[in-house]
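This report refers to the structure that appears directly beneath it.
Quick note: the coordinates plus some simple rules give every number you see, no bench work behind them. Please read these numbers as outputs of a predicted model, since none were measured by experiment. Every residue, glycine as well, gets a Cβ built from its backbone with ideal geometry; the counts of neighbours run over all protein chains shown.
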Amino acid sequence: MEEDSPPSRRRLLWGAAGAAGTALAAVGLTQLTGSEEKVKAAPPRPVKKAPAAGPPATRRKDPSVDYAPAVWIEANESNYNTADRPEDYPIEYVVIHLTTDVVPIMLATFKDPAERVSAHYMISATGRQIIQCVRECDVAWHSGNVWYNHRSIGIEHEGWIEQPGFTDEMYETSAVLTATICAKYEVPIDREHILGHIEVPLSTHEDPGPSWNWDKYMKLVETAHRRIRI
């Protein structure tokens, strides 16, 4: 069990980081970086949570999201481990993924118990939709490395390595989410802790690929983090 800070301080940190990240997501990073384009956040759509399989004691009873701008569409319980992070395991990394498919197909994949895969969040190519599929306290199966799965948050981005077309809005939306996670769990803002899937040891994937602009992304994360850090 991680003993990095007293529970009361940790709860305060989470609450402040979450509130600040939500406010920053509403403002949009374009206004902070001087761009004339503005992110238009789509209004959240009500999502009906399908009854989960398995005995009631194993079901996630509170489907509310950890990050207010997101909507909740739960992955199948066969595709992640329930846990009590960061009490069980410290959250030390954010892993950036590409879906290599459209969002609806990826959501169907996460809901298929035979697929054995999931991620905590998914961001649409437009950056106007954030979906949470696994609670941050739980262990999503996203990196291909069990050790890293237990200690990371996985964020999928709608896109393809061979057809790069990453929008400013997607970068900005993702950066605010990553900065909020880093502030909440005290994850350092650097490339040793914010990784691409390809950079996870033993990974067999190549995403987010050579067209992902890490310099741009990290600058956006740093900008957002300065605004929400407490």
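Quick one: Tyr121 ticks every box in (1) touching a Leu at 6+ places or on another chain (Cβ under 8 Å); (2) farther than 15 Å from Val71 by Cβ; (3) of a type outside the set (Val, Ile, Thr) except a single one, so which number is it?
Of the numbered conditions (1) touching a Leu at 6+ places or on another chain (Cβ under 8 Å); (2) farther than 15 Å from Val71 by Cβ; (3) of a type outside the set (Val, Ile, Thr), the odd one out for Tyr121 is (2).
Before we move on, is Val187 within 16 Å of Ile123 (Cβ to Cβ) and either not in a helix (DSSP H, G or I) or not acidic (Asp, Glu) (or both)?
Against the criterion (within 16 Å of Ile123 (Cβ to Cβ) and either not in a helix (DSSP H, G or I) or not acidic (Asp, Glu) (or both)), Val187 does not qualify.
So which residues in the range 126-150 are in contact with a Phe, Trp or Tyr (Cβ under 6 Å, 6 or more places away or on another chain), crowded, with 22+ Cβ neighbours inside 10 Å and not β-branched (Val, Ile, Thr)?
Those that are in contact with a Phe, Trp or Tyr (Cβ under 6 Å, 6 or more places away or on another chain), crowded, with 22+ Cβ neighbours inside 10 Å and not β-branched (Val, Ile, Thr): Gln132, Cys133, Ala140.
I'm trying to understand the selection: among the residues of the range 190-230, which are hydroxyl-bearing (Ser, Thr, Tyr), assigned to a helix (DSSP H, G or I) and closer than 18 Å to Glu156 by Cβ?
Tyr217
Consider Ile153 carefully, then state whether it is buried (at least 21 other Cβ atoms within 10 Å of the Cβ), part of a helix (DSSP H, G or I) and touching a residue at least 60 places away in the same chain (Cβ under 8 Å).
So Ile153 does not fit the description; no.
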